[in-house]
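Scroll down for the structure; my scribbles are underneath it.
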Amino acid sequence: MQLVSARFEPRGGRFDVAFEIANDDVSTPTRLRFTGRAVETVEAAVLTRDVERNEVLKSSDIVVERRPRAEVGNDPASRDRAVGMHSRTQIRAGQALRMADLAKPNLVQRDENVTLIFESSGLYLTVRGKALDSGIEGDIVNVLNLQSQRTVSGVVIGRGQVAVAATTPRLAAASDTSSGNSSPVPPKSE
């Protein structure tokens, strides 16, 4: 088989190729001509069932298929990245997923009971709280400490878990300024 001619129109994706196949029994070679349209495809995660807004995607909800790049856009979601995410909108079965369609799920929901965690060297304290904000991992949220009835801020570290940090004591700073000595260095005695 030998290529006789090839033409490709990049803008429309049209192609036209011709081949000749030489045959020992026949004096004239057989000519084959193929025309069509070339479409760039990419691997994309595709839903196996309809998914509602804010529903978390499971491994069984997604299969990988090759789809035209024009259908998926520039941000196709891979299966590994899509599992565990939740949909921003309602998505139909058979639709290719884009990263813009997905978001990390909230690990802490507003008005949900959460565990406040304080961890220091050799010390691990937990207390129950009520989330005043929703958040994904790494977000700073406000939580009502149910024992002290005070609002504290912390970082979402897991489902229903918020880590709080120790605040610096203000007593030391207040005692320096109240004694009239604003300098951290004591005055020289002569």
Between region 94-114 and region 1-72, the alpha-carbon center distance in angstrom: 34
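With +1 on each Lys and Arg Cβ and -1 on each Asp and Glu Cβ, how big is the dipole of the chain about its Cα centre, in debye rounded to the nearest 20?
Working: 25 positive and 24 negative charges, 74 e Å.
Approximately 360 debye in magnitude.
How long are the semi-axes of the equivalent ellipsoid of region 66-123, taking √(5λ) for every eigenvalue λ of the Cα gyration tensor, in whole Å from largest down?
With the √(5λ) rule applied to region 66-123, the semi-axes are 36, 14, 8 Å.
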Whole-Å semi-axes of region 1-104's equivalent ellipsoid (Cα gyration tensor): 45, 14, 9
Solvent-accessible area, 1.4 Å probe, carbon plus sulfur percent, for the chain: 49
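What accessible area per residue comes out for the chain, rounded to a whole number of Å², with a 1.4 Å probe?
Working: 13510 Å² over 190 residues.
Value returned for the chain: 71 Å² of accessible area per residue.
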Summed residue charge, Cβ within 12 Å of ARG53's Cβ, Lys/Arg positive, Asp/Glu negative: -3
Rel. contact order, % - alpha carbon contacts under 8 angstrom, at least six apart, the chain: 12
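Less than 11 Å Cβ to Cβ from SER5, Lys/Arg counted +1 and Asp/Glu -1: what total charge do the surrounding residues give?
+1
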Residue-by-residue Karplus 3J(HN,Hα) for region 30-37, coefficients 6.51, -1.76, 1.60, Hz, glycine and proline x: 7, 9, 10, 10, 10, 10, x, 10
Most mobile listed residue (ASP24, ASP139, ASP16) in the chain, GNM with C-alpha springs under 10 Å: ASP24
In Å, descending, principal axis extents of the Cα set of the chain: 116, 53, 31
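The values are calculated or read from the model by the stated rules, or taken from the named source; none is laboratory data. Fair warning: this is a prediction, and the values are worked out from it, not measured in the lab. Here Cβ is always computed from backbone atoms with ideal geometry, including for glycine, and neighbour counts include all displayed protein chains. All accessible areas refer to the heavy atoms of the entire protein, side chains included, with ligands and DNA or RNA removed. Shrake-Rupley method; radii C 1.70, N 1.55, O 1.52, S 1.80 Å.
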